[in-house]
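Here the structure comes first, spelled out in structure tokens, and everything after it is commentary.
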Amino acid sequence: MTGGSALLPGRKGEALNSPLIATDHHPAGYPTVAAVQHMGKLIHERTDGRLNIEMFAGGYLGSETDTIEVTASGGLDINRVAIAALNTIEPTTIVPSLPFLFRSKAHMRKALDGPAGDIILESLKPHGLIGLCFYDSGERCFYNTKKPILTPEDMKGMRIRVQNSDLYVSMVKALGADAAPMPLGEVYQSLVRGVIDGAENNWPSYQGGRHFEGAPYYSLTRHAMAPEVLVMSSSRWNKLSKTDQDITKQAAKDSVPFMRDLWDKRVNEARITVLRLGVKTNEVNDLSAFGEKVRPVWDRFLVTEQQKALVNSIRNI
Ligand code: GTR
């Protein structure tokens with residue numbers, strides 16, 4: 001292999017059946033990583049060994065924002081990212097990232113398994129990406145170094161890390177806090193050193209990244225249920241035969257229930273683990289106070305007719 005990506009030198013002359021190179025920010029064993037490996041196993045079986053997936057987990061190929069660019073330009077074949085990493089690239093991805101859009105896990109799954117999900121995956125095509133499937137990412141909640149968050153007023157003056165997405169910068173500002181966008185890999189040190197006062201994520205990332213060591217207050221704000229998304233580079237996709245494209249797409253779809261099963265177990269384990277280690281968690285009685293504050297953010301980020309139609313169709317489910 002010669003020429004190609006900055007991260008993986010030498011992608012140009014690859015044989016047509018060389019492994020599909022996949023990356024994930026999370027380490028081996030995380031449900032998203034295991035799901036893509038499962039998908040690789042299915043592809044291997046269904047192509048009689050012609051095609052498989054080689055996974056580079058643990059985020060050492062770069063941040064999600066960086067690797068998604070490399071994937072779009074054909075330097076990586078498959079990439080699992082949080083949908084926020086696509087927010088600046090494609091407006092439809094704002095929709096499932098919106099705070100307080102989904103009413104429940106069942107609602108989120110139904111929306112993303114249906115026509116709305118298909119439209120969002122399809123919308124990635126002009127950006128050099130083939131949307132393969134969505135994975136769960138649970139409920140994102142705020143956690144911090146100082147105190148339980150019970151109302152938006154408790155967040156005043158706090159410096160909160162968000163993903164690299166203007167949507168989340170605006171959301172945190174609307175709640176009265178300062179927003180600090182940074183890659184996930186920098187959150188632990190920033191919490192421990194006091195560069196930030198808090199962040200927001202699901203139980204598995206909070207536990208897996210050991211963020212609880214610096215920020216022991218985890219408040220159940222459940223403000224976003226933004227999914228993970230699995231994408232493939234169009235350039236590699238176009239080199240696959242129609243049969244192998246179908247097999248790849250189907251294997252991705254088949255990895256979704258596998259992932260969800262692992263995910264539900266992982267959320268429970270992560271929660272129990274950190275609670276045993278002394279994390280203080282609290283329910284938020286009036287989530288609508290948070291919902292009202294972030295409502296203007298919806299208006300600011302829903303600018304296309306397609307986004308608005310997607311929101312309506314999802315809310316009507
Ligand atoms: C996690 C997600 C990661 C990463 C992270 C973050 O829930 O699985 O892909 O995007 O959130 O906050 O950066």
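The values are calculated or read from the model by the stated rules, or taken from the named source; none is laboratory data. Keep in mind the model is a prediction, meaning the values are calculated, not measured. For neighbour counting, all protein chains shown are included, and Cβ atoms are generated from backbone atoms with ideal geometry for every residue, glycine included. Each accessible area value is taken on the protein alone, full model and side chains, heavy atoms only, with ligands, DNA and RNA left out. Shrake-Rupley method; radii C 1.70, N 1.55, O 1.52, S 1.80 Å.
Structure values in brief
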read-out: Residue within the stretch 127-135 that is of a type in the set (Gly, Ala, Ser), part of a strand (DSSP E or B) and buried (at least 20 other Cβ atoms within 10 Å of the Cβ) present; value: yes
read-out: The stretch 63-110 - residue that is part of a helix (DSSP H, G or I) and acidic (Asp, Glu) and, of those, most open to solvent (accessible area, probe 1.4 Å); value: Glu69
read-out: Subset tally (residues that are at negative phi and open to solvent by less than 80 Å² (accessible area, probe 1.4 Å)) for the stretch 33-59; value: 16
read-out: Pick from the stretch 142-159, criterion away from the ligand (no atom under 16 Å from the Cβ), in contact with a helix residue (DSSP H, G or I) (Cβ under 8 Å, 6 or more places away or on another chain) and not in a helix (DSSP H, G or I), ranking: most open to solvent (accessible area, probe 1.4 Å); value: Lys147
read-out: Within the stretch 202-252, tally of residues that are open to solvent by 10 Å² or more (accessible area, probe 1.4 Å), in a strand (DSSP E or B) and within 14 Å of the ligand (Cβ to nearest atom); value: 1
read-out: Residue match in the stretch 251-260 (condition: without any contact (Cβ under 8 Å) to a residue 40 or more places away in the chain, assigned by TED's automatic domain parsing to the domain that holds Phe102 and closer than 22 Å to Asp136 by Cβ); value: yes
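To keep it simple, each residue is scored yes or no on (1) touching an Asp or Glu at 6+ places or on another chain (Cβ under 6 Å); (2) open to solvent by less than 60 Å² (accessible area, probe 1.4 Å); (3) within 12 Å of the ligand (Cβ to nearest atom).
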site: Arg140; (1), (2), (3): yes, yes, yes
site: Arg161; (1), (2), (3): no, yes, yes
site: Asp166; (1), (2), (3): no, no, no
site: Leu184; (1), (2), (3): no, yes, yes
